[in-house]
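Written below as structure tokens is the structure these notes are about.
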Amino acid sequence: MKFGTMLRDIWGSVFKKPATQRYPFERLEAPDQFRGTLHWTPGKCNGCCLCMKDCPSNAIELITIDKKNKQFVMRYHADRCTYCAQCVRNCRLECLGMAHDEWESAGLKREDFVVNYGTEADIATLLAKHSPTDAGEPTASGAGPGGGSTATP
Amino acid sequence: MSTQTDTLWGGALEKIKLWARVNSPWAIHYNSGSCNGCDIEIVATLTPRYDLERFGIKLKGSPRHADVLICTGPVTRQSRDRLKRIYEQMPDPKFVVAVGSCATSGGAFQGCYNVVGHIDEVIPVNAYIPGCPPRPEAIIDGVVKLLTSLQAPPKSEK
Amino acid sequence: MRALINLLFFPGGLFLIVLALAYEYADRKLIARFENRIGPRWFQTLADIVKLLVKEEITPATAHPVLFGVLPVVAMSGALTAALYVPLLGFRPALSFPGDLVVTLYLLSLLTMSIGMAGWNSTSRFTMVGATRSLTQLFSYEAPFMLALLGPAVVARSWQISEIVATNKGVWILLTQPFGFLVALIGLMGKLEMPPFDAPKAETEIVAGALTEYSGRGLGLFHLGKEIELLVGLTLIASLYMGGIANPLEFFVKTLVLLGILCTFHSILTRLRIDQTVGLWWRYGAVVVLAQWLVLIVWKGIVA
Amino acid sequence: MSTEIALQQAEQLLSTFAKGTAKPEANRLDVTIEGSDLTAAATALQKAHWGYLSALTGVDLGPEEGAIEALYHFCEGAAITTFRVRIPRIGGALPSLQTLYPNAMFYERELLEMFGVTVTGLADTSHLFLPDGWPDGVYPLLKDANAQAAAERASASEPPEMGRQGDKFIVPIGPQHPALKEPGHFEFGVDGELVTSAKVRLGYVHRGIERATQERNYVQNLYLVERVCGICSHSHANAYALAVEKLAGVQVTPRAQAIREMVACLERIHSHLLWLGVAAHEAGFETLFMYSWRDREVIMDLLERWTGNRVNYSANVLGGVKFDVSPEIAAEIRKGMDTIDERTRHYLHVTMDDTSFLQRSRGIGTISQAEADHLGVVGPVARASGVRRDIRTEAPYGGYAQFPVKIVVDAAGDLAARFKVRMEEIFESTRVIRAILDGLPEGELTVKMPRRIPAGEAISRFEAPRGELFYYVKSNGTDMPERVKIRTPSICNWISVLVKAVGSQLADVPPLLAGIDPCFSCNDRMITINRPGRGGQVLTWEDLRRQAASHTRR
């Protein structure tokens, strides 16, 4: 008969600091390796679409504005993304990267998760082409200024 | 005069109600077809490292006791009815949080024949937490965002 | 008028509720610290209760609606009434008469009976199993618990709480009747369905037991009733076994120490199956208390 | 028994039935058998105690061939004997092996649902994976089946729940369980507190992954199968990668193999600690749950720092691994292992010595060695019953040849023994991790993989934390597989719960369920969410209600 094998644990804990992290009051950084939101840098991309091809969840759409001048817009569906980083591996031109510090991506609207990456002009062209009421087309899309910006979801 | 006090009382009562609601969100968790990844992270948020009880969140067994329905995974055909039923069994006011990429959009399971789709094709969702799976911190962040949004309008109805 | 004040504010009603919530908070916080986490905020229990009281109440179609609504009130009022007979905070009980100890114990059982009936009335299979378990457990711990609490009464030759306390003034009966004390304390845990005696509401087996179908107000009242019962039980044991309660300070020290012991038991033990609970009480609890009674009576007969 | 001898023996045993034999790999024997000889052939193996039925794969050869091939995989150590049985595509029938191998019941019901093969002698032919109301005559794994359209037609309504069956009271536990096919909805008939019957319904989390793999390319599938189960994500991805690499004839570098093994070991530790917590929670020991999960965070932190995600590590790519071991991370892992060792020793003490805990685990759900062998259970459940079944030692794959593990067995066979086996496997895993860190081979991380995989078929067996994981991959030369068969470990172990639950206390059922660790993070959830609906109740509880009403009237 033996009882209370955890007695020392519990009373010890009373006099120790709790193991609890105080998030969200104190933000702790995710490790550098962490696979967070995907980012795309325009300019280098040659439109090979390998990222799109191997994406297990259709999270990436590479929309060609002008193939010759290497003008593309990448539409990224953060809500579909499985954060596996296969696209990052596939991209030989290193246009893609996953931000290790962007993981607080919760939102109240699903539309907010769709982000357009690209130069401002390209995004504007794209939006002009498609009617803004297009399904899944967020108003927040072109929000970020300049290339490679995120509309933080 | 009396109407004025009435509204004053009513306003105070509303405030108290809202305060209690925001500070005591009891949750129920339903997995409608997830891979388990999000589920273990949800359970992890209850454990000492993250401790959701700091926000008054308790995981309850019965939908009758719960205010927040935490859903994971895409909705499979077999569990669609169950999900709806659980949602209906919850007393008002109730909120739904979809955790994980599959729950918000179908994720990697889009197009599987036995998957109906994401959670908000079946029941209304109040907050989405993408990630595969989201870190426990991200889940806390999502819940806090939901609670904050409840506080934002003075009178929140559903 | 005085009675009304007694009932509504002090020591009944409002005051009692606030104190009960504070004790629940202490309970939850201590458990959280035992588990190495921060635990709830100080107003958590209040928020829980207020939220439950303002939430929608769903009555199952198969349940008797009146019974469904009345049972929580009965449970709650039983606990509230019981509180009038015990020396809360060390003050003289609001009501007192010869034999009030027995009445208090029965009033405390009212809660469990209501829960059992509520479970039966809800007619869901989980509430049904929960109700059966609640009542089975009631029948197993009730007798030993009662016998244990009557131990000090035998010594004092009175059934009146204030009388017992006065007679045994300054004497810590837990030293002379350690088994009775232990049985009473563990009996209180059984009464409150605290782990390891939480088989009637074992979440992993039967969801929330008898109260599975309750939402909102009903659940809130049952919940509150339970917290008050915890308070009353602690006061009762402290005053009978720990040399009475003379002032608020003594009250807090003694009851909180008892609460600490309860929480420790709660944290280091695994849930008992219902058959193990029954076995424990009848095989050990009852026998130990009865043996102690025998010794007491013989000793009393020889000495006095 | 060495692999060659075992295969020779099997060949001998089956010589009378074999219409043709082949040896696709050193450890495999393919025997072509007529459907009518199936029972006799299986009996021959069974009588000689040659292995156990590991999996049953159905392969549709297409409308042109007009045939379905049913592959019965029997495993003995590293040796695999496969019965190839050809049956017509429409109206095909096979005899059931249920009486010989109790587990066959699940496999055969799957064959029935997915391919429309009639299995004669099967006791229960109700839906196991597909939703209730699935249209008749649509079999999702047939190549020309339009499963999507059929699914749209499926009236996904659950059957009314049974409240009472005669005098029995039905307590449901379920309905969901998160892995590919492992969700279970259990119905336990109880008499008072005693369980008198048990029934399982899977399929609440059936998503159709096997079909989906045929519509995605090999790379996408790697991530899809990783999401079969979030707890053994690495096991699934690794097992799949092993099979595909075998098909492509690619040899992964020793360094990549060692890293894979390390991730697998970390996963095993995290899974076992998780299980410890959940099992403790099921038994009602909240403190142990909280503490074991607190210490599990050590592993989760390591995994997140190293791989970039806490659960779906995505460590594998086809042909290697994604990341290397840096000296910093190696030092951290070593430190973490020390903590884990120390804490696990404490938990072993708690689970093995605490009377209050033992009274809920000792002597509960005891499976004898013979019974375990017969039921075909795998993983820690089998090892806790003294069955030496561990793919890592029987058929070392990947890095396990270079960094071997020792098998952990216990003879007791009860719940307590399963605790012991799992705790001791944690020690074994930390030891192996240290050994790998000490002797990490040099080399590249990845090898070039072709996008199109040469035609052929491959089997890979992998010891996941829960037991043997079985992958069968068939390729047709394109960049999409023709057939991927996944047999998860839990499906082998369900049967033990069904058998053991009957006659035990209702309160012992959750720990019993937990005992097999059915991808468990959510088993408590799976119980809690399951509340009878009001609608169903009114119907099924009619007589009970009447009884209750008359009771109060009196």
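The values are calculated or read from the model by the stated rules, or taken from the named source; none is laboratory data. Everything quoted here is computed from the prediction, not taken from an experiment. Cβ coordinates were reconstructed from backbone atoms using ideal geometry, including for glycine residues, and neighbour counts include every protein chain displayed.
Can you tell me which residue in segment B:24-60 is surrounded by the fewest Cβ atoms within 10 Å (Cβ to Cβ), limited to those that are in contact (Cβ under 8 Å) with a residue 60 or more places away in the chain and more than 14 Å from chain D (Cβ to nearest Cβ)? Among residues in segment B:24-60 that are in contact (Cβ under 8 Å) with a residue 60 or more places away in the chain and more than 14 Å from chain D (Cβ to nearest Cβ), the one surrounded by the fewest Cβ atoms within 10 Å (Cβ to Cβ) is B:Phe55. Answer yes or no as to whether B:Leu69 is more than 7 Å from every other protein chain (Cβ to nearest Cβ), surrounded by fewer than 24 Cβ atoms within 10 Å (Cβ to Cβ) and aliphatic (A, V, I, L, M). No, not satisfied. Among the residues that make up segment D:369-376, is at least one of them outside any helix (DSSP H, G or I) and in contact with a Cys (Cβ under 7 Å, 6 or more places away or on another chain)? Checked segment D:369-376: at least one residue is outside any helix (DSSP H, G or I) and in contact with a Cys (Cβ under 7 Å, 6 or more places away or on another chain). As a summary of the residue check, C:Leu234 satisfies the conditions (1) surrounded by fewer than 18 Cβ atoms within 10 Å (Cβ to Cβ); (2) closer than 21 Å to C:Pro152 by Cα; (3) more than 14 Å from every other protein chain (Cβ to nearest Cβ) except for the one numbered (1). The residue of segment A:1-43 that is farthest from A:Met74 (Cα to Cα), among those that are within 19 Å of the chain's Cα centre (by Cα) and of a type in the set (Val, Ile, Thr), is A:Thr37.
Apart from one condition, B:Arg21 fits all of (1) in a helix (DSSP H, G or I); (2) surrounded by 23 or more Cβ atoms within 10 Å (Cβ to Cβ); the exception is (2). Across segment C:249-303, the qualifying residues are those that are more than 29 Å from C:Thr132 (Cβ to Cβ) and of a type in the set (Lys, Arg), and the one among them that is surrounded by the most Cβ atoms within 10 Å (Cβ to Cβ) is C:Lys254.
State whether the residues of segment D:18-28 include one that is among the hydroxyl-bearing types (Ser, Thr, Tyr) and closer than 15 Å to D:Glu76 by Cα. No - not one qualifying residue is present in segment D:18-28. At least 2 residues being under 19 Å from the mean Cα position of the chain (by Cα), of a type in the set (S, T, N, Q) and in the same structural domain as D:Thr16 (by TED's automatic domain parsing) is the threshold, and among the strands (runs of 3 or more DSSP E) wholly inside segment D:30-105 those reaching it are D:52-60. Residues that are of a type in the set (Val, Ile, Thr) and over 25 Å from D:Gln251 (Cα atoms) within segment D:380-428 comprise D:Val381, D:Val387, D:Ile407, D:Val408, D:Val409, D:Val421, D:Ile426, listed in sequence order. Does D:Arg461 meet the test of being in contact (Cβ under 8 Å) with a residue 24 or more places away in the chain and over 13 Å from D:Ala243 (Cα atoms)? Here the answer is no, as D:Arg461 does not meet what is asked. Residues in segment D:377-397 that are at positive phi and either in contact with a His (Cβ under 6 Å, 6 or more places away or on another chain) or buried (at least 24 other Cβ atoms within 10 Å of the Cβ) (or both): D:Gly379 alone. Could you check how many residues of segment C:244-281 are assigned to a loop (DSSP other than H, G, I, E, B), out of contact with any strand residue (DSSP E or B) (no Cβ under 6 Å at 6 or more places or on another chain) and among the charged types (D, E, K, R)? Residues meeting the conditions: 1. Residues considered: C:Arg28, C:Arg41. Of these, the only one that is modelled with pLDDT of 85 or more, more than 22 Å from C:Glu229 (Cβ to Cβ) and out of contact with any Lys or Arg (no Cβ under 6 Å at 6 or more places or on another chain) is C:Arg41. Would you mind stating whether C:Gly99 is at pLDDT below 85 and either within 14 Å of chain B (Cβ to nearest Cβ) or under 28 Å from C:His266 (Cα atoms) (or both)? Taking the combined requirement at face value, the residue does not satisfy it.
One line per residue, one yes/no per condition, for (1) at pLDDT below 50; (2) more than 26 Å from D:Thr196 (Cβ to Cβ); (3) assigned to a loop (DSSP other than H, G, I, E, B); (4) within 11 Å of another protein chain (Cβ to nearest Cβ):
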position: D:Asp479; (1), (2), (3), (4): no, yes, yes, yes
position: D:Val484; (1), (2), (3), (4): no, yes, no, no
position: D:Ile495; (1), (2), (3), (4): no, no, no, no
position: D:Asp508; (1), (2), (3), (4): no, no, no, yes
position: D:Pro511; (1), (2), (3), (4): no, no, no, yes
position: D:Asp524; (1), (2), (3), (4): yes, no, no, yes
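Residue check: B:Arg85 meets all listed conditions (1) farther than 16 Å from B:Ile119 by Cβ; (2) out of contact with any strand residue (DSSP E or B) (no Cβ under 8 Å at 6 or more places or on another chain) but one, namely (1). The set of residues in segment B:91-126 being on the phi < 0 side of the Ramachandran plot, within 7 Å of chain A (Cβ to nearest Cβ) and buried (at least 24 other Cβ atoms within 10 Å of the Cβ) consists of B:Ser101, B:Thr104, B:Ser105, B:Ala108.
Taken over segment A:22-67, the criterion of being more than 17 Å from A:Leu126 (Cβ to Cβ) and among the basic types (Lys, Arg) is satisfied by A:Arg22, A:Arg27, A:Arg35, A:Lys44, A:Lys53.
The single residue among D:Glu261, D:Glu304 that is under 28 Å from D:Ala417 (Cβ atoms), away from chain C (no Cβ under 14 Å) and in a helix (DSSP H, G or I) turns out to be D:Glu261. Of the residues making up segment D:114-156, just one is within 11 Å of another protein chain (Cβ to nearest Cβ), of a type in the set (Asp, Glu) and assigned to a loop (DSSP other than H, G, I, E, B), namely D:Asp132. Hey, A:Cys45 hits all of (1) surrounded by fewer than 21 Cβ atoms within 10 Å (Cβ to Cβ); (2) out of contact with any Gly (no Cβ under 8 Å at 6 or more places or on another chain); (3) modelled with pLDDT under 85 but one; which does it fall short on? Of everything listed in (1) surrounded by fewer than 21 Cβ atoms within 10 Å (Cβ to Cβ); (2) out of contact with any Gly (no Cβ under 8 Å at 6 or more places or on another chain); (3) modelled with pLDDT under 85, A:Cys45 misses just condition (1). Against the list (1) over 27 Å from D:Gly467 (Cβ atoms); (2) buried (at least 22 other Cβ atoms within 10 Å of the Cβ); (3) at pLDDT below 85, the condition D:Ile68 fails is (3). Residue selection: B:Asp81 satisfies the criterion of being surrounded by fewer than 21 Cβ atoms within 10 Å (Cβ to Cβ) and within 7 Å of another protein chain (Cβ to nearest Cβ).
Within segment A:70-97, being within 11 Å of A:Thr41 (Cα to Cα) and acidic (Asp, Glu) holds for one residue alone: A:Glu94.
Remark: pairs (first residue in segment B:105-124, within 16 Å of D:Pro131 (Cβ to Cβ); second residue of a type in the set (A, V, I, L, M) and assigned to a loop (DSSP other than H, G, I, E, B); Cβ separation under 8 Å; 6+ apart in sequence or on different chains) = B:Asn114/D:Leu130; B:Val116/B:Val122; B:Val116/D:Ala156.
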